[in-house]
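Step one of this worksheet: look at the structure below.
The values are calculated or read from the model by the stated rules, or taken from the named source; none is laboratory data. Note that this is a predicted model, so its numbers are computed, not measured. Cβ placement follows ideal geometry from the backbone for every residue including glycine, while neighbour counts extend to all protein chains displayed. Side chains are part of the model used for accessible areas, which takes the heavy atoms of the whole protein and leaves out ligands, DNA and RNA. Shrake-Rupley method; radii C 1.70, N 1.55, O 1.52, S 1.80 Å.
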Amino acid sequence: MKKLTIMMATAALCCCLGSCNSGTKQELANTVHLKGQLLDMGSQNVRMRFDGAASMLGDSRDILLKTDASGHFDTTFVLKEPTYYTISRNTLYLTPGDDMTIKVTQTNTEAEFSGIGAEANNYMKFRLFPKGGSYLEAGGNLRGDFVSTKALVDSLAAIRMHTLDTLSNVSDAFKKQETARIKADIINSYICYASYSRMFAGVKNEEEMRAKWNEFNVSLTQDVTPLYKEIMNEDMLNVAVVRDVLSYQEDSTLASLWFKDISIPARTTELYACAKIVDNLRNEASEQTVNEAKAFLQTVKNADFVTEIEGKIVQASKLLPGQPAIDFEMLDVEGNVKHLADFRGKVIYIDLWATWCGPCIQESPAFEALGKKYAGKDIVFLPVSTDTTTKPWLRYLDGHKKELTQYHSNDVALKESWAIMYIPRFILIDKDFNIVNAYAPRPSSEEIGTLIDSVLNK
């Protein structure tokens with residue numbers, strides 16, 4: 001195993017394995033010491049992801065924690081200012097001087113924290129999830145209509161606010177940011193009501209649905225605009241759900257409703273402009289997207305945003321057609337280790353999927369069909385599961401017969417170097433182990449056959 005790796009492009013962070021026993025008082029005051037156990041993470045290398053504003057754009061401040069076979073780890077790193085991080089579904093708030101023993105699983109409410117910094121993190125383990133509709137909790141807190149649902153949301157938020165107010169060993173800055181999180185979760189809950197309720201039941205066509213949706217958005221204005229005014233502070237961009245709900249300003253119709261007469265801070269405006277450029281790089285690595293990003297970079301004023309975009313330009317440049325394919329490790333169902341480079345000499349078509357991904361499952365029959373169509377040809381079809389652990393993957397395969405040899409990978413080289421931000425994702429590599437298309441067409445598309453034929457016939 002490699003030594004503890006710190007991904008870092010600025011002087012904001014540095015790290016050493018184990019506790020630091022020397023250094024000035026100032027250096028020690030700026031350190032964070034974490035030890036404990038990370039369970040069911042799918043790998044002994046666990047990524048602790050930076051979750052501040054610039055995390056929308058890149059991952060240069062992420063920290064890769066090395067654990068032993070039982071998930072135990074002990075690490076010390078320098079931190080210059082309080083910062084949010086995530087480990088799996090857990091959100092941590094780390095402050096210079098923290099010294100904690102932690103136990104973390106993929107279920108955030110099971111987390112355990114003790115030591116300096118524990119109070120903030122024991123509070124954080126009950127944070128809500130924007131994708132679950134925040135206080136709606138995936139529809140579990142839905143009531144008969146919006147008014148009654150709103151009343152419940154407001155009462156739950158008040159309880160959360162009371163809990164926050166009772167914390168005694170946390171900073172005022174933490175309370176301000178977490179107050180913004182509560183208010184952003186309220187906004188998110190109101191907005192998500194439309195998706196979780198039966199508001200669209202009986203709608204006959206898209207035009208009627210759009211009209212109903214617009215009517216609902218107009219009705220929300222009186223509720224969300226005052227809350228938006230309260231969280232419209234560039235310091236609050238470090239809170240993930242704040243960034244989520246502020247993204248609605250990118251919709252011109254909603255901007256004229258919910259954000260009317262609200263002044264948007266310059267850093268906030270620049271963050272979302274940068275995000276569009278980074279999204280282009282993540283969705284398509286091409287000479288055009290790379291050159292556009294380089295040109296845009298010259299206009300960016302926030303140094304932390306510049307750092308992340310520069311990193312994404314470098315990453316995308318390595319995924320351009322003709323660049324050497326990036327090797328990664330994978331396991332077959334028997335647990336045998338294979339490498340992508342083992343298939344050098346053949347055309348390689350990769351399907352990156354997961355058992356929880358509906359669109360992935362839908363593409364699987366088409367991928368299997370292509371495998372049969374090109375049987376005996378100089379091409380190999382590699383279905384690679386990206387599930388966090390092998391358990392759900394193996395369980396799924398037990399109930400679904402597959403003709404193609406199946407693989408699983410949690411290799412950092414796959415997820416990071418290949419910029420896997422979404423699945424399904426398909427990759428095509430030629431016989432010389434060079435990239436043909438790092439964002440190849442889906443197996444169900446018409447163009448994939450033509451593309452494969454052109455590479456085979458070279």
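Here residue 185 does not fit the description of being assigned by the TED database to the domain that holds residue 232 and free of Cβ contacts under 8 Å to residues at least 24 places away in the same chain. Tallying residues that are open to solvent by 50 Å² or more (accessible area, probe 1.4 Å) and in contact with a strand residue (DSSP E or B) (Cβ under 8 Å, 6 or more places away or on another chain) within segment 412-434 yields 1. Of the residues making up segment 347-376, those that are of a type outside the set (Val, Ile, Thr) and either buried (at least 16 other Cβ atoms within 10 Å of the Cβ) or not assigned by the TED database to the domain that holds residue 421 (or both) number 14. At least 3 residues being more than 18 Å from residue 33 (Cβ to Cβ) and open to solvent by less than 50 Å² (accessible area, probe 1.4 Å) is the threshold, and among the strands (runs of 3 or more DSSP E) wholly inside segment 85-173 not one reaches it.
Scanning segment 411-431 for residues that are in contact with a Pro (Cβ under 9 Å, 6 or more places away or on another chain) and either in a strand (DSSP E or B) or without any contact (Cβ under 8 Å) to a residue 60 or more places away in the chain (or both) yields 426, 428.
The condition (being among the basic types (Lys, Arg), modelled with pLDDT of 95 or more and either assigned to a loop (DSSP other than H, G, I, E, B) or under 25 Å from residue 124 (Cα atoms) (or both)) is satisfied by just one residue among 260, 229: 229.
Within segment 198-219, is there a residue that is in the same structural domain as residue 246 (by the TED database), in contact (Cβ under 8 Å) with a residue 60 or more places away in the chain, in contact with a helix residue (DSSP H, G or I) (Cβ under 7 Å, 6 or more places away or on another chain) and open to solvent by 20 Å² or more (accessible area, probe 1.4 Å)? Within segment 198-219 (the criterion being in the same structural domain as residue 246 (by the TED database), in contact (Cβ under 8 Å) with a residue 60 or more places away in the chain, in contact with a helix residue (DSSP H, G or I) (Cβ under 7 Å, 6 or more places away or on another chain) and open to solvent by 20 Å² or more (accessible area, probe 1.4 Å)), the answer is no, since none of the residues qualifies. Residues in segment 224-258 that are farther than 18 Å from residue 273 by Cα and of a type in the set (Asp, Glu): 230 only.
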